[in-house]
Amino acid sequence: MFHYVSLYRLKPGVTLDRVRAAREELAGLVETLPGVLHFTVTDNLSDRNRGYTLALFSLFETREACEIFKRHPSYQEVWESQLQRVIEAQILAEGEG
């Protein structure tokens, strides 16, 4: 299994509706792309989040499945049309286990 975690700091002034739309589109990809075992987009509730208030937790069958997901045209479309518009910064963590 391959874990992929992404933390996002949102741009100032981003409305809740825009964040909700981005979350829904991102979560909708799970049903259409192979190799995804688990996928959750949620608020980062840590009191030490340093402004990274949105989190993506995902689990893939393999590292290759994660790489395919990230390169897939459907993911790229959501990234460009939704996520890039609301995200100021991103931190990634990946690991096997």
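Summary table below
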read-out: Distance-filtered residues of segment 66-97 - backbone nitrogen under 14 Å, label point 7 angstrom along SER46 Cα→Cβ; value: 90-94
read-out: Matching label, percent of Cα pairs over 19 Å apart computed from the structure shown, candidates [x] 39; [y] 54; [z] 50; value: [x]
read-out: Computed lengthening from VAL14 to ALA89, 0.36 nm per intervening residue step minus Cα-Cα distance; value: 25.7 nm
read-out: Listed residues PHE39, VAL19, MET1: farthest to the positive end of the dipole of the chain (Cβ charges); value: VAL19
read-out: Mean Cβ neighbour count within 10 Å, used as a protection proxy, ranking 24-30, 44-50 highest first; value: 24-30, 44-50
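No lab work stands behind these numbers, since they all come straight from the coordinates. These numbers come from a predicted model, not from an experiment. Don't worry about glycine lacking a Cβ; one is built from the backbone with ideal geometry, like all the others, and counts go over all protein chains shown.
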